[in-house]
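Participant: Got a structure for you, questions after.
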Amino acid sequence: MERLEEILAANKEFVAHGKHDYTEEDIAASKLPKKKMAIFTCMDTRLTEILEPAMGIQRGDAKIIRTVGNYLTGEFDAVIRSLMVAIYELGVEEIFVVGHYECGMAKTTADSLAAAMRAHGVNEHAIAKIHGELEVWANAFRDPVENVKDAVAKITSNPYIPKNIKVHGLMIHPRTGKLDVIQTASDDSTLGKIAD
């Protein structure tokens, strides 16, 4: 069975026999995060179904933004734009940058990506066109903890993010769900302090 057919079959079963009907919850304000928080995290599949319960949040509590390695690429990249909408349009007051241990991005390099692209038939000219950006982006990510600190620093110093927004950096273990506080911009003394 093709993946799309599997998804559509699962959806049909979900709609027919789902455990919960969200109709009553879908009021006009349902797009607003109830806990006024945004989470910027990694796209790692191991975080599915562990991140939210580990943080004590449920459907509708937070805006969640996922990218590879929860890495910021620029002052006005897609993550910053999403945070701006979350803050200015949806009432977010607090941002949590959540990296994870054993992040595969730490092993990714510009050369490994370029080689994989070639193996998949991507044109050499296209690869050459972005190779400089690949080096800046992929080669810069070496340690997930340092990446969280860097993301917190970039968000707190970003001219488009208001200074009254609290920004916290955490690490989650993808097997246990344990959270460690790495940094919080509202109290720099916690830098490097591990949560009990």
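The values are calculated or read from the model by the stated rules, or taken from the named source; none is laboratory data. The shown structure was predicted, so the numbers you read here are calculated from the model rather than taken from an experiment. For neighbour counting, all protein chains shown are included, and Cβ atoms are generated from backbone atoms with ideal geometry for every residue, glycine included. SASA here: full protein model, heavy atoms, side chains in, ligands and nucleic acids out. Shrake-Rupley method; radii C 1.70, N 1.55, O 1.52, S 1.80 Å.
Participant: What is the dipole size for the range 71-196, taken about its Cα centre, with +1 at each Lys and Arg Cβ and -1 at each Asp and Glu Cβ, in debye to the nearest 20?
Facilitator: Working: 12 positive and 17 negative charges, 36 e Å.
With Lys and Arg at +1 and Asp and Glu at -1, about 180 debye.
Participant: Using 0.36 nm per residue, how much length does the chain from ASN123 to GLU13 gain when fully extended, once their Cα-Cα distance is taken away?
Facilitator: Working: separation 110, 0.36 × 110 = 39.60 nm, distance 4.16 nm.
Full extension from ASN123 to GLU13 adds 35.4 nm.
Participant: Okay, next question. State the extension gain, in nm to one decimal, for the chain segment bounded by ARG66 and ALA140, taking 0.36 nm per residue of separation less the distance between their alpha-carbons. Working shown, then result.
Facilitator: On the way: separation 74, 0.36 × 74 = 26.64 nm, distance 1.85 nm.
Gain on extension, ARG66 to ALA140, equals 24.8 nm.
Participant: Report, in deg cm²/dmol and to the nearest 500, the calculated mean residue ellipticity at 222 nm for the chain, where each DSSP H run with n ≥ 4 adds -39500 (n - 2.57) and the sum is divided by the residue count. Intermediate results must be reported in sequence, preceding the final value.
Facilitator: On the way: 6 runs with 70 residues, N = 196.
After summing the helix terms and dividing by the residues of the chain, the value is -11000 deg cm²/dmol.
Participant: In the range 12-112, which trypsin sites (Lys or Arg not before Pro) fall in coil by DSSP and have 15 or fewer other Cβ atoms within 10 Å? Before the final figure, lay out each step's value.
Facilitator: Details: sites: LYS12, LYS19, LYS31, LYS34, LYS35, LYS36, ARG46, ARG59, LYS63, ARG66, ARG81, LYS107; in loops: LYS19, LYS34, LYS35, LYS36, ARG59.
Answer by residue number: LYS19, LYS34, ARG59.
Participant: In a GNM of the chain with a 10 Å cut-off on Cα contacts, which of GLY18, GLY74, GLY56 has the highest mean-square fluctuation?
Facilitator: Result: GLY18 has the largest fluctuation of those listed.
Participant: Applying 1/(1 + (r/R0)^6) with R0 = 35 Å to the Cβ-Cβ distance of ILE50 and GLU133, what FRET efficiency is obtained, to the nearest 0.05?
Facilitator: Numbers: r = 31 Å, r/R0 = 0.90.
Step by step, r from the Cβ atoms, then E = 0.65.
Participant: Taking K and R as +1 and D and E as -1, what net charge do the other residues with C-beta under 14 Å from the C-beta of GLU93 add up to? Walk me through the numbers before you get to the answer.
Facilitator: On the way: positive: LYS34, LYS35, LYS36, LYS63, LYS163, LYS166; negative: ASP61, GLU89, GLU94.
Around GLU93, the charge tally is +3.
Participant: What is the chain's relative contact order, in percent, from Cα pairs under 8 angstrom and six or more apart in sequence? Before the final figure, lay out each step's value.
Facilitator: Working: 269 pairs, mean separation 40.9, N = 196.
Averaging sequence separation for qualifying contacts and normalising by length gives 21 percent for the chain.
Participant: Which of the three applies to the range 57-160, rounded, prolate or oblate, going by the alpha-carbon gyration tensor with a ≥ b ≥ c and a/c under 1.5 meaning rounded?
Facilitator: Details: a/c = 2.12, a/b = 1.87, b/c = 1.13.
Note, shape of the range 57-160 comes out prolate.
Participant: Per the Kirkwood treatment, what hydrodynamic radius in Å, one decimal, follows for the chain from the mean inverse distance over all distinct Cα pairs? Before the final figure, lay out each step's value.
Facilitator: Numbers: mean 1/r = 0.0534 Å⁻¹.
Averaging 1/r across every pair of different Cα atoms and inverting gives 18.7 Å.
Participant: From largest accessible area down, sort GLU94, GLU49; use a 1.4 Å probe on the protein chains.
Facilitator: Numbers: GLU94 55, GLU49 160 Å².
Final ranking, largest accessible area leading: GLU49, GLU94.
Participant: Still on this structure, I have one more. Any idea how far apart GLU6 and HIS20 come out in nm if each label point goes 7 Å out from Cα toward Cβ?
Facilitator: 2.5
Participant: Which whole-number value in Å² is the accessible area per residue of the range 34-115, probe 1.4 Å? Write down the numbers at each step before the final one.
Facilitator: Numbers: 3980 Å² over 82 residues.
Result: 49 Å² per residue.
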